[in-house]
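The numbers here are math on the coordinates, done by the rules we state, and not lab data. What you see is a predicted model; the values in this text were computed from it and never measured. A quick note on method: Cβ atoms are made from the backbone with ideal geometry, for glycine too, and the neighbour counts reach across all protein chains shown.
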Amino acid sequence: MKSKKVLLRVDLNVPVSHGVVDDDFRIKKTLPTIEKLRKEGAKVILLSHVGEKDGTLRPIYSYLRNYFPVKFVEDVYKAKDIVGSMEETEVVLFENLRKWEGEKDNNPEFAKHLASFGDLYINEAFSASHREHSSIVGIPKHLPSSLGDLFKKEVEELSKVFDPQHPFVFVLGGVKFSTKIPLIEKFLDKADQIHIAGALMNDMYKAKGFPVGKSVVDDSFDPSEKILNSSNLFLPTDVVVEDSKGEVYIKKPEEVLPNEKIMDIGPESLEKIHNDIIKCEFILWNGPLGNYENGYSEGTNELAHRISESGKDSIIGGGDTLSVVSKLNILDKFTFVSTAGGAMLDFLANGTLPGIEALK
Ligand code: 3PG
């Protein structure tokens, strides 16, 4: 690695508030790879996205400077001099790649332009590798390329889910059921119990003919008979609802009124999940159980505590899940915490990701 210019694709897409990094879990997981390359005498060029085209990596640049000197490149088309003058162990961070259309469009010229800055490419962004973007699948066409240590660890740990210990409990929350159908269908045959929560439960209630009032639903959800009639897929038997005046109640799903929104799972349902957890050997959890952005994080917090105290093998992931759980300071109590959200789900559903295939 000595003197080599390494294009290191990382995922610095982290929550920022008032210009300050709010949750540094992903960044901290990436630091050892950067340090390792610096120790080996590489010149490290960090590539990432953050949010969409309006996002800026400046807050992350300030954060990284607490660890090592970093230079910031605002414009990928004016990077030649700064990259050309890099010394061994130096780190340069390019501004949010999504500022340029070529990134998301996987434009071959954009990928070639990015590749021109490096001698080799390492993908350390497992959590962004479900995207067929230039910095994930385009650059490897031009440079000797490999997967980073963190990426390999994600693959190794998440692959355990394909041959799990039983009983195996899968808890799936979050939103947009339609995007999770392949994953659920696959795991109906693998998991002993699948507990559905988050806004996904609203979609299932609706599909089963329960009233969902003003709850968030995914209009494109069209469940298969396999999902609707499965005997190992469980929905909460009580829910927390908020009415139009902001009053909060715990109800049976069949009692939800037209002016109410389902916001979280109820205590009885949490006990049911807990009962399965204490009897199981392996737990997989992705996605918050309730609408935590609006303060309904109780179910998610409680589940996090119950899993972390169970002593069972557990894998958790999902950006939103981590936002909630990292505030509890118990991330080290799980067997493995994935840095990924959507990429974790895609990897579990397909056993691979575009970012992995691009290196084959
Ligand atoms: C993530 O946060 O899951 C990754 O950084 C990918 O981000 P995206 O969903 O905006 O592509």
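Values as computed for the structure displayed
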{"item": "Rounded to 5, percent antiparallel among DSSP beta bridges of region 5-147", "result": "10"}
{"item": "Rounded Å value of the spacing that divides the Cα centres of region 264-337 and region 95-140", "result": "34"}
{"item": "Under 5 Å, built H, 5+ apart or other chain: amide partners of GLY341", "result": "GLY318, GLY319"}
{"item": "Antiparallel content of DSSP bridges confined to the chain, in %, to 5", "result": "25"}
{"item": "About the Cα centre, charge dipole magnitude for region 1-99 (Lys/Arg +1, Asp/Glu -1 at Cβ), debye", "result": "360"}
{"item": "Length-normalised contact order for region 156-350 - Cα pairs under 8 Å, 6+ apart - percent", "result": "23"}
{"item": "Under Karplus coefficients 6.51, -1.76 and 1.60, residue-wise ³J(HN,Hα) of region 221-232 in Hz, glycine/proline x", "result": "6, 9, x, 7, 4, 4, 6, 5, 9, 5, 8, 10"}
{"item": "Isotropically averaged projected area of the chain, using the convex hull of Cα atoms (one quarter of hull area), nm²", "result": "18.1"}
{"item": "Amide H contacts under 5 Å for LYS71, placed H, 5+ residues apart", "result": "VAL91, VAL92, LEU93"}
{"item": "Helix-only CD estimate at 222 nm, as mean residue ellipticity for the chain, using -39500 (n - 2.57) per DSSP H run (n ≥ 4)", "result": "-9000 deg cm²/dmol"}
{"item": "Region 147-205 - convex hull of the alpha-carbon atoms, volume per residue in Å³", "result": "101"}
{"item": "Phi to ³J(HN,Hα) by Karplus 6.51 cos²θ - 1.76 cosθ + 1.60 over region 104-109, Hz, x for Gly, Pro", "result": "6, 6, 6, 6, x, 5"}
{"item": "Mean shadow area of region 63-146 over all directions, Cα convex hull, nm²", "result": "5.8"}
{"item": "Within region 88-120, chymotrypsin sites (Phe, Trp or Tyr not before Pro) in DSSP loop having at most 15 other beta-carbon neighbours inside 10 Å", "result": "none"}
{"item": "Charge dipole magnitude, Cβ of K and R +1, D and E -1 - region 4-48, Cα centre, debye nearest 20", "result": "400"}
{"item": "When the convex hull of its Cα atoms is projected in every direction, mean area for region 5-147 (nm²)", "result": "7.5"}
{"item": "Among 242-251, 39-48, the order from most to least packed when residues are scored by Cβ within 10 Å on average", "result": "39-48, 242-251"}
{"item": "Kirkwood hydrodynamic radius over Cα pairs of region 65-109, then Stokes diffusion coefficient at 10 °C and 1.306 mPa s, in µm²/s", "result": "133"}
{"item": "Calculated log₁₀ intensity ratio I(q)/I(0) where the Debye formula runs over C-alpha points of region 156-350, q = 0.08, 0.11, 0.19 Å⁻¹", "result": "-0.23, -0.44, -1.39"}
